[in-house]
Amino acid sequence: MTGSLNFLRCSICKGELIPQNDSLQCSHCNVFYEIIDGIPDMIPAILDEDIKGMVEIWENIEYDYDSYIEHTHNERLQAIDKPLLEQCADGKMVLEVGCGTARLKKEVEKEGGCYIGLEPSLNLLKQGINKRKFDLVRGVGEYLPFPDDYFDTIIGGYHSFRYIKLDKCFPECARVLKPGGVLAFTLWNYWLQSIQFIAFDIKGRRFPSFQFSKKVNDVSWVKKEINELENSGFKVVSILSTKKLPTKDISFLNRIFGWQGYWKGTWGTLIGNDIIFICEKNKSSNHTLENQK
C-alpha cells in the first residue's frame, strides 16, 4: 500500500482509525480491519446477504481480468472511458468505485487527477498490485470507508455500478464528495441486453426464455436512476449513450451507429448501448447515512 492511511474511515460508523501492527482499529466503535498484503480490507464483517453474495462472486474470479477487458473493442472502451476521464483533470482527488485491477489509474493520472481505487475482490486487487503501484482499498460502494466531503470526483468505470445497490451507493457517494463534486458512471441498456439474450437463445436453437436478470442495474427506464440520484443529493448534468449497434459491415449504418459520438439525453438510453451518467453533488447537500449504520 503506497501513501498514507489517514484518508480511511470506519466503513460502519465513519470514525477515525488507529493503525495497529497488521490492522486498523476504529477509535469510535473498536472494529478492527485487517491489512492484507498491504491492502486495507475495509469490508464490514456483517453485510446484507445480496451484497455479501456479490462480493463472493467477484472474489471467486479465476481468470486474468485485464486480459478479459482487453477483449472488449478498444473503440468501445475509449467511448465509455472518455466522459469519465474528462471529470478527473487539474489535480482532482478521484475515487474509482469497483476499480478491478485499477485499469484507469494511469489514465486518471494522465488527466492530472490523484487516484484511489476501491474494489470488493481481493483477488482482483492482488492482480492489479502486481502490475502497478497505487493507493488501493478493499471495500464496497454501499459502505465507503472515507471521510465526508473528501473527493472531487467519483467514477464507476466499465459498468462497475451495474452490480451495486444504487439506493445505498448513491447516498454514500454524495457523502464523500465535496459540494459540487462529480459522480460519473456507466450502466448498460436493459432492452439491448434482453435482445442479445434472445438472439443467443435463437442462435443456439433454444426457445427464448424471456427471463432476464433483475440483480443488475441495467437501465430499462432512466427516470428511476434519475430519481434515485436526485433523492441522494445529485443533479444529473448529462446523460450520454454510446451509438454502437451490431451493424457489421454495412458501411453507411456504421457511420451512423459507430462508437464515435453519443446519443444525448434520456431518449438516447432507449437505443444506446452503454449509458453514461454525469452528475453533480448539490452544493447545499449534507447527507448522512443513518439508515446504513
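In the set (1) modelled with pLDDT under 95; (2) within 13 Å of V140 (Cα to Cα), M1 fails one condition alone, (2).
Once segment 169-191 is narrowed to residues that are out of contact with any Ser or Thr (no Cβ under 9 Å at 6 or more places or on another chain) and surrounded by fewer than 20 Cβ atoms within 10 Å (Cβ to Cβ), the residue that is farthest from W221 (Cα to Cα) is K178. Where helices (runs of 4 or more DSSP H) fall entirely within segment 6-90, those with at least 3 residues that are touching a strand residue (DSSP E or B) at 6+ places or on another chain (Cβ under 6 Å) are at 74-85.
Here are A102, A89: which of them is crowded, with 20+ Cβ neighbours inside 10 Å and touching a residue at least 12 places away in the same chain (Cβ under 8 Å)? Just a single option satisfies the conditions, and that option is A102.
The C-beta contact set for segment 173-186 (first residue on the phi > 0 side of the Ramachandran plot and in contact (Cβ under 8 Å) with a residue 12 or more places away in the chain, second residue buried (at least 23 other Cβ atoms within 10 Å of the Cβ) and in a strand (DSSP E or B), distance under 9 angstrom, 6+ apart or interchain) comprises G180/K281.
Within the group K243, K214, which residue is within 27 Å of G139 (Cβ to Cβ) and at pLDDT below 90?
Details: K243 fails: within 27 Å of G139 (Cβ to Cβ).
Criteria check complete, one pass: K214.
G157 meets all of the listed conditions (1) closer than 24 Å to E56 by Cβ; (2) at pLDDT 95 or above; (3) not aromatic (F, W, Y) but one, namely (2). Tell me, please, whether a residue that is touching a residue at least 24 places away in the same chain (Cβ under 8 Å), on the phi > 0 side of the Ramachandran plot and surrounded by 15 or more Cβ atoms within 10 Å (Cβ to Cβ) can be found in segment 57-68. No: zero hits.
The values are calculated or read from the model by the stated rules, or taken from the named source; none is laboratory data. Every value quoted in this text rests on a predicted model; they were computed, and no experiment measured them. Please note: Cβ atoms are built from the backbone with ideal geometry, for glycine as well, and neighbour counts cover all protein chains shown.
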